[in-house]
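Here's the structure, in structure tokens; my notes come after.
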Amino acid sequence: MPVVQPKMQNGTREKQRKIIHCDADCFFAAIEMRDDPSLRGRPMAVGGSADRRGVISTCNYEAREFGVRSAMASATALRMCPDLIIVPGNMEKYREASRVIREIFFDYTELVEPLSLDEAYLDVSDSEQCQGSATLIAEEIRRRVFDRLAITVSAGVAPNKFLAKIASDWNKPNGLCVITPSRVEDFVLQLPVNKIHGVGKVTTEKLRRMGIETCADLRRFTVFELCDRFGSFGQRLYDLSRGIDERPVKPSRRRKSLSVEHTYASDLPGVDQCLAKLPELFVMLKSRLNRLDSDYRVVKAFVKVKFDDFTTTTLERMGTGARISDYRELLEQAIQRGNRPVRLLGIGVRFVDLRGDGLATQLDLFEAGKES
Ligand code: TTP
Ligand code: MG
């Protein structure tokens, strides 16, 4: 079936977008299982203790089989699953893991919209990595998160946020689901209405009474009929049941730094060989800097050198732009510190963000909540 791009008002065809939604699997629980192998393979949860009227933050998939869920009272969870191990949470650890995951996202696009500590949308429509394939990018992100943090992330790839989010849940845990433009129609037609964000128990029941169980059923109703019964949500139901969702990915966290690095296939024996690699790194850094908006101001340049014995040194300079002469001098000094063959070279910049960074510090699962 030919893919018809939606027509914009000025008559041009809108470019098909590529959106990835990433969501770590039982995030807090996965971190605790990683750090304490005795918790693996048995039902466990992160939460407050039952005798202090605690609640479950999340639980692993073994516990989910017993019906244990997030936000459930720990006492209830223990009734459902008497062997449930409940461990206290450690927000510092989760925040750190979240930061690492986001840095990985930023290697593919500036358009990253975090929804919570473990969940984000990425717009990779213009990304050049992985030959521009969103599917390959999603796979690479999943692999890199696992390599760095030993936890699994599920991902959904689709032409919009609505479908990408549903897709990331489709093959959870540790799954990938890709809804290509040509699959959108079939996918949406069979989609149960309760998979639509915002359709909870009450709306599902109301729709069921109207004979609506899937998006195919929803499509029998005009936008007027739906608005009549569901108010402004009617328009949204009308669009989503057709797989239409134009919401842009809104980056809400700003970068503090940007860097490029390379691990060389064979070690670089000395300063001269390292400096010979600098122009190539510099071009990469510049090209990524050029893609940032103008509200970023470079305040520091830094270099990173990893030697053949895996020791690492970094060196930075204040009050500079990102000039190649700065990097040359910094690299020379850094390499002399170790005075041995070099495995990896990195160069980067740190920013002040003229727009301020209020959002980033505010963004916390419990404050920001989930997207509605
Ligand atoms: P979610 O991504 O909703 O859940 P999850 O990662 O635990 O499980 P899934 O595999 O289904 O994605 O939330 C991420 C983390 O946020 C979760 O690990 C714990 C925390 N959280 C709470 O503390 N309370 C809650 O009610 C929810 C939903 C999550
Ligand atoms: Mg999750």
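The values are calculated or read from the model by the stated rules, or taken from the named source; none is laboratory data. All values reported here derive from a predicted model rather than from experimental measurement. Cβ: placed from backbone, ideal geometry, glycine included. Neighbour counts: every protein chain shown. For the accessible areas, the whole protein counts, side chains as well, though only heavy atoms, and no ligand, DNA or RNA atoms are used. Shrake-Rupley method; radii C 1.70, N 1.55, O 1.52, S 1.80 Å.
Mind ordering 230-243, 308-321 by average Cβ neighbours within 10 Å, highest first?
Working: 230-243: 17.8, 308-321: 12.8.
Listed from highest to lowest mean packing, they are 230-243, 308-321.
Provide the gained length on full extension for the span GLN273 to ALA73, in nm with one decimal, where the gain is 0.36 nm per separating residue minus the Cα-Cα distance.
Values: separation 200, 0.36 × 200 = 72.00 nm, distance 6.12 nm.
Full extension of this stretch gives 65.9 nm more.
Stretch LEU189-LEU136 to full length: gain in nm at 0.36 nm per residue minus the Cα-Cα span?
16.4 nm
At THR311 and MET284, where each label point lies 7 Å from the Cα along Cα→Cβ, what is the point-to-point distance in nanometres?
With each label placed 7 Å out from Cα toward Cβ, I get 2.5 nm.
Might you tell me the accessible area per residue for the chain, computed with a 1.4 Å probe and given in Å²? Don't jump to the answer; show the numbers that get you there.
Values: 19150 Å² over 372 residues.
That works out to 51 Å² for each residue.
Using the Kirkwood radius over Cα pairs, work out the Stokes-Einstein diffusion coefficient for segment 241-309 at 4 °C and 1.567 mPa s, in µm²/s as a whole number. Let's see the in-between values first.
Working: Rh = 15.7 Å.
Here the translational diffusion coefficient equals 83 µm²/s.
If I take every Cα pair under 8 Å that is 6 or more residues apart in segment 161-228, average their sequence separation and divide by the length, what percent do I get for the relative contact order?
24 percent.
Can you compute the modelled spin-label distance between ASN174 and LYS256, with each label point 7 Å from Cα toward Cβ, in nm?
3.2
Send over the Kirkwood Rh of segment 78-181, from the inverse of the averaged 1/r over different Cα pairs, rounded to one decimal Å. The partial results should precede the final answer.
Values: mean 1/r = 0.0675 Å⁻¹.
Computed over segment 78-181, the radius equals 14.8 Å.
Once neighbouring chains are kept in place and the probe is 1.4 Å, which whole percent of the accessible area of segment 238-315 is contributed by carbon and sulfur?
52
Given an 8 Å cut-off on Cα distances and at least 6 residues of separation, report the relative contact order of the chain as a percent.
14
Working from the alpha-carbon coordinates of the chain, get Rg over Rh, Rh being the Kirkwood radius.
1.03
State the percentage of accessible surface on segment 1-151 attributable to carbon and sulfur atoms; use a 1.4 Å probe and exclude ligands, DNA and RNA.
Details: 3940 of 7670 Å².
Carbon and sulfur together cover 51 percent of it.
Kindly provide the helix-only [θ] at 222 nm of the chain, computed as the sum of -39,500 (n - 2.57) over DSSP H runs of four or more divided by all residues, to the nearest 500 deg cm²/dmol? Write out the running numbers ahead of the final one.
On the way: 15 runs with 145 residues, N = 372.
Calculated at 222 nm, the ellipticity per residue is -11500 deg cm²/dmol.
What angle, in degrees between 0 and 90 and rounded to the nearest 10, separates the Cα long axis of helix 181-190 from the longest principal axis of the Cα atoms of the chain?
Compared with the principal axis, the helix lies near 30 degrees.
Given the pairs LYS165/LYS201; LYS161/LYS286; LYS172/LYS256, which are separated by over 24 angstrom at their Cα positions?
Where the Cα-Cα span goes over 24 Å, the pairs concerned are LYS161/LYS286; LYS172/LYS256.
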